[in-house]
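The values are calculated or read from the model by the stated rules, or taken from the named source; none is laboratory data. This is a predicted model, so every value here is computed, not measured. All Cβ positions, glycine included, derive from the backbone under ideal geometry; neighbour counts span all protein chains shown. Ligands, DNA and RNA are excluded from the accessible area calculation, which covers all protein heavy atoms including side chains. Shrake-Rupley method; radii C 1.70, N 1.55, O 1.52, S 1.80 Å.
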Amino acid sequence: MKTKNHMLLASAIFLAALADTRAQTTFTKITSGDIVTDVGLSAGCTWGDYNNDGYLDLFVANNEEGANNFLYQNNGNGTFTKILTGSIGTEGGDSIGCAWGDFDNDGLLDLFVDNGGRQTSLPSFLYHNNGNGDFTKITNAVTESKFSYAGVWGDYGNDGYVDLFLADNSGKNNALYHNNGNSTFKRLLRAAPSMRVGIPSPVPGEISTTTASSTCLSPISPKIFSTPTRVTARL
């Protein structure tokens, strides 16, 4: 009986401490600075520490033809500086989505921006991070003209290089681009046999898929981590 009472007391203390912690978690709305006072037909945004200073910076995609996108550098003191030089902060293309990803494994976040979401078919943007606060615009397979709506990085082949999946908003096929490992990409038009799901399993009553990757961006490190995951489905 004493043991049960002790457990109940410990649970009550824990819940009270948890409630107190939650009560102390508050937010203050930021009302000053370009990051909250800029006006745009913004459709997408993404956090990423592109200069590796330990603070998350912000890119904002604007879905208005001719309007520049926004890039804000985190000053580390609760304020941001709007970047007004270089191609990444001085051009736009009816942008609607964006995703940071280190596609060449140099430890620096690069940026993909998909364009033409609702207005017209436009080439997307791919920016390579030069490591000095500036970016170089790259043209390759992933920048082809499409009604691009959203792009996401992920190492589906577990070869150590992030690939790109791009959603199309025009009723046409979506696109999957394989990272060749040399800063070029190849659009896949059909899956190889080893990539197909539903491969028969030696265990009766099960279907076993190939190994997939789950990826996530660390808010502390700019690297993308890939974790192999085995997926099975019992019939």
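Are any of the residues in the range 172-195 under 16 Å from the mean Cα position of the chain (by Cα), surrounded by fewer than 17 Cβ atoms within 10 Å (Cβ to Cβ) and at pLDDT below 90? No: the range 172-195 contains no residue that is under 16 Å from the mean Cα position of the chain (by Cα), surrounded by fewer than 17 Cβ atoms within 10 Å (Cβ to Cβ) and at pLDDT below 90.
Yes or no, residue by residue, for (1) out of contact with any helix residue (DSSP H, G or I) (no Cβ under 8 Å at 6 or more places or on another chain); (2) touching a residue at least 12 places away in the same chain (Cβ under 8 Å); (3) among the basic types (K, R); (4) surrounded by fewer than 16 Cβ atoms within 10 Å (Cβ to Cβ):
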site	(1), (2), (3), (4)
N74	yes, yes, no, no
N77	yes, no, no, yes
T90	yes, yes, no, yes
G97	yes, yes, no, no
S124	no, yes, no, no
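Here N69 passes the criteria (1) open to solvent by 40 Å² or more (accessible area, probe 1.4 Å); (2) within 29 Å of D168 (Cα to Cα) except the one numbered (1). Are any of the residues in the range 228-235 hydroxyl-bearing (S, T, Y) and at pLDDT below 50? Taking every residue of the range 228-235 in turn, at least one turns out to be hydroxyl-bearing (S, T, Y) and at pLDDT below 50. No other residue among D163, D159, D114 is within 14 Å of the chain's Cα centre (by Cα), among the acidic types (D, E) and over 17 Å from G48 (Cβ atoms) apart from D163. If I ask for residues that are of a type in the set (S, T, N, Q), over 19 Å from the mean Cα position of the chain (by Cα), outside any strand (DSSP E or B) and under 23 Å from I96 (Cβ atoms), which ones from the range 131-146 would you list? Answer for the range 131-146, where residues must be of a type in the set (S, T, N, Q), over 19 Å from the mean Cα position of the chain (by Cα), outside any strand (DSSP E or B) and under 23 Å from I96 (Cβ atoms): T139, N140.
To keep it simple, each residue is scored yes or no on (1) within 20 Å of N182 (Cα to Cα); (2) in contact (Cβ under 8 Å) with a residue 24 or more places away in the chain; (3) of a type in the set (A, V, I, L, M); (4) buried (at least 21 other Cβ atoms within 10 Å of the Cβ).
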position	(1), (2), (3), (4)
W100	yes, yes, no, yes
D106	yes, yes, no, no
D114	no, yes, no, yes
Y127	yes, yes, no, yes
F135	yes, yes, no, yes
I138	yes, yes, yes, no
V142	yes, yes, yes, yes
A150	no, yes, yes, no
G154	yes, yes, no, no
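Here T215 passes the criteria (1) modelled with pLDDT under 50; (2) within 19 Å of the chain's Cα centre (by Cα); (3) part of a loop (DSSP other than H, G, I, E, B) except the one numbered (3). Taking the conditions (1) over 30 Å from D159 (Cβ atoms); (2) open to solvent by 30 Å² or more (accessible area, probe 1.4 Å) in turn, G131 satisfies each one other than (1).
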